[in-house]
Amino acid sequence: MTEPSFSFPTIRLKPKANARAIRHGAPWVYDNELVTDRRTKSLAPGTIARLEDNERNFLALVAVNPNSRIFARVLDRAEEAEIDTEWFAARIATALAHRDTLFDQPFYRLIHAEADGLPGVVIDRFGDTCVVQPNAAWADVLIEPLAEALRQVTGITTVVMNGTGRARGLEGLDEKTEILCGAVEDLIPVPMNGATYMADLMGGQKTGLFYDQRPNHAFTQRLVAGKKVLDVFSHVGGFALASLAGGAASALSVDSSAAALELAEKGALAMSKSDVFATRKGDAFDVLAALAEEGETFDVVICDPPAFAPSKPALEKGLRAYERVARMAAPLVREGGYLGLCSCSHAADLDSFRTACNRGIGRGVGHLGRSAQLIHTGFAGADHPLMPQLAESGYLKALFYRVLP
C-alpha cells in the first residue's frame, strides 16, 4: 500500500497554465506547463505526486515522468486516494462491468488507457489470459499491484506484460516482454464475428491481436456474401477471415509478414475455410501493382495499413501514403463493388484522412470515367472508449466506398 498523499512530493502549474482544464477533466500536464526546478526534474519516473495550481490549490494526484513530454498524468482527483491494489481493482471492476454488458465471451479490450481511468495502460483479454501494455512509467513501477488486481477482479490465471512499442520509447522505457504469472503454452483461438483468429501473445504485434476493428469487420460482412475479397495489410487475416465467416466466396490476404500470414492460414483452417483462402506475401504497394498488371479484380477490397502518420511531423508524408493506397486499390474493385480504407494514425484526423482517400480514388479511377460514393464511416468498437478531452484517443477511422460504373 502506498503512503498517504500528504507525504507525496508536490509539483505546481505555472501561472499561465490552464488549471481549469485539469479541473474539467484534462488528463495530461505537459512539461512546459509546470514549474520545473532541479527537485522536480530529479523525480524518478513513475513517482506519484500532488499537482497544485499556481495558487497552491490541490488539483489531483498524478504520475510523474521527467523524461516524457507528458510530464504528469492524472490518476485521481481525491487527495486522500491511495494508489494500491484496491485502487486498481476498483478501476478494473468498472471497466469489466462495461465489457460484460457488451460481450458474451471474454475476448476484448478490457482497459483502454485514460478513458478507463488507467492512463497509458492498455489491457487486452484473451479468455483466461490478459496482456498488459504499461506504456507509462508509473504503470511499469506498479505492475505488480496492477497484475494482482487483474487476477482478483477477473479470475484470470495468466498475466503477460508486453513492454514494446513506440509509446514506451516516448516515455524513456526499455522494451521487455515477460509472463508475470501463469503460462502461455500455445496460440490462443479468438472467436470474433463468427471468425476464428489465432493470437500469438508472446511473439505477435502489440498484445497479439487487434480488437479495434471488430465493428468494421462486422460491417464488411454485410457486403461480401458470395463475393471475391482482397484484404491488404491483412496481418493475421483480419478482414479476410471475417469475410469468409460472412459468406464470401474467396478471400486473399496480403501482408509483408510471413509469420502473420501463417497465423491467418491457421485461422482459416480452424474455420474449415482453407479451400477458399489464400495468402500472398510481399510489400503491399508492390502486390497492388502486380495484381493490377495481372488484370485481377475483386468485388470487395479492404486496406488496413499500419499508422502512416504516427505523429504530427509525419502527417503530410502519411497522408500521401494513404492517398497512394486509395489510388492503387480503387482500380482493383469491380464496378459496383466496395472499397474499404482504414487509418490507425493518431495524427491524421477524419477530415484529413477522408480528403486523402477521396483524392486517391479520384486519381485511381477518375480517368476511367468511374466514381465512388462514401457509404459508411466506421470507428473502433465500444471496448475502445474515447475520452472527450483527448482527441488522440479516436485514432481508428474506416471509410467504406461503393465504386460505381
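Here the peptides 355-368, 35-48 are ranked by packing, the mean other Cβ count within 10 Å, and the order with the highest first is 355-368, 35-48. Helix content alone sets the calculated 222 nm mean residue ellipticity of the chain: runs of n ≥ 4 DSSP H residues at -39500 (n - 2.57) each, divided across all residues, give -8500 deg cm²/dmol. Here the Karplus curve 6.51 cos²θ - 1.76 cosθ + 1.60, taken at θ = phi - 60°, turns the phi angles of the stretch 332-342 into couplings of 7, 8, 5, 4, x, x, 10, 10, x, 10, 10 Hz, with x standing for Gly and Pro.
Nearest 0.05, what FRET efficiency do Glu175 and Glu86 give at R0 = 35 Å with Cβ-Cβ as r? Before the final figure, lay out the partial values.
Working: r = 30 Å, r/R0 = 0.86.
In this case the efficiency is close to 0.70.
Annotation: amide H of Ala199 within the under-5 Å range of Ile188, Val190, sequence separation 5 or more or interchain, hydrogens built in the peptide plane. To put it simply, the accessible area of the stretch 58-112 at a 1.4 Å probe is 48 percent carbon and sulfur. In the stretch 184-310, the portion of solvent-accessible area held by carbon and sulfur atoms comes to 50 percent [1.4 Å probe, whole percent, DNA, RNA and ligands not counted].
Over the chain, the reciprocal of the mean inverse Cα-Cα separation, the Kirkwood hydrodynamic radius, stands at 22.6 Å. Sequence-ordered 3J(HN,Hα) estimates for the stretch 184-200 from the Karplus curve with 6.51, -1.76 and 1.60 and θ = phi - 60° stand at 10, 9, 7, 5, 10, x, 10, x, 7, 6, x, 9, 10, 10, 9, 9, 9 Hz, glycine and proline given as x. Using modelled amide H (1.01 Å from N, peptide plane; none on Pro or chain starts), what sits under 5 Å from the amide H of Leu59, excluding residues fewer than 5 places away? Result for Leu59 returns Leu51, Glu52, Asp53. For the stretch 234-239, putting each phi into the Karplus relation 6.51 cos²θ - 1.76 cosθ + 1.60 with θ = phi - 60° gives couplings of 6, 6, 8, x, x, 6 Hz, in residue order, rounded to whole numbers and with x for Gly and Pro. Between the amide H of Val160 and those of Cys130, Val131, Val132, Leu180, distances stay under 5 Å, these residues lying 5 or more places away or on another chain, with hydrogens modeled in the peptide plane. With both residues required to sit in the chain, DSSP beta bridges show an antiparallel share near 65%.
Given all pairs of different Cα atoms, what value in angstroms does the Kirkwood hydrodynamic radius of the stretch 1-131 take? Mind dumping the intermediate values first?
Details: mean 1/r = 0.0631 Å⁻¹.
Taking every pair of different Cα atoms in the stretch 1-131, averaging 1/r and inverting gives 15.8 Å.
Once both labels are positioned 7 Å from their Cα atoms along Cα-to-Cβ, the gap between Ala225 and Asp100 label points is 3.6 nm. Ligands, DNA and RNA are left out, and with a 1.4 angstrom probe the accessible area of the chain is 43 Å² per residue.
Across the chain, where is the longest run that never hits GluC sites (Glu not before Pro) in a DSSP loop with at most 14 other C-beta atoms within 10 Å? Walk me through the numbers on the way to the answer.
On the way: sites that count: Glu55, Glu79, Glu80, Glu175, Glu185, Glu294, Glu296.
After excluding every exposed loop site, the longest remaining stretch is 297-405.
Dividing the convex hull volume of the alpha-carbon atoms in the stretch 236-388 by its residue count gives 136 Å³ per residue.
Order Cys181, Cys342, most accessible first, counting only protein heavy atoms with a 1.4 angstrom probe. Mind showing how you got there, number by number?
Details: Cys181 25, Cys342 5 Å².
Sorted by accessible area, descending: Cys181, Cys342.
Taking Cβ atoms as reference points and 11 Å as the exclusive limit, the residues near Glu148 contribute a net charge of -2, counting Lys and Arg as +1 and Asp and Glu as -1.
The values are calculated or read from the model by the stated rules, or taken from the named source; none is laboratory data. Being a predicted model, the structure only gives us computed values, none of them experimental. All Cβ positions, glycine included, derive from the backbone under ideal geometry; neighbour counts span all protein chains shown. Accessible surface is based on the protein model in full, side chains and every heavy atom, while ligands, DNA and RNA are left aside. Shrake-Rupley method; radii C 1.70, N 1.55, O 1.52, S 1.80 Å.
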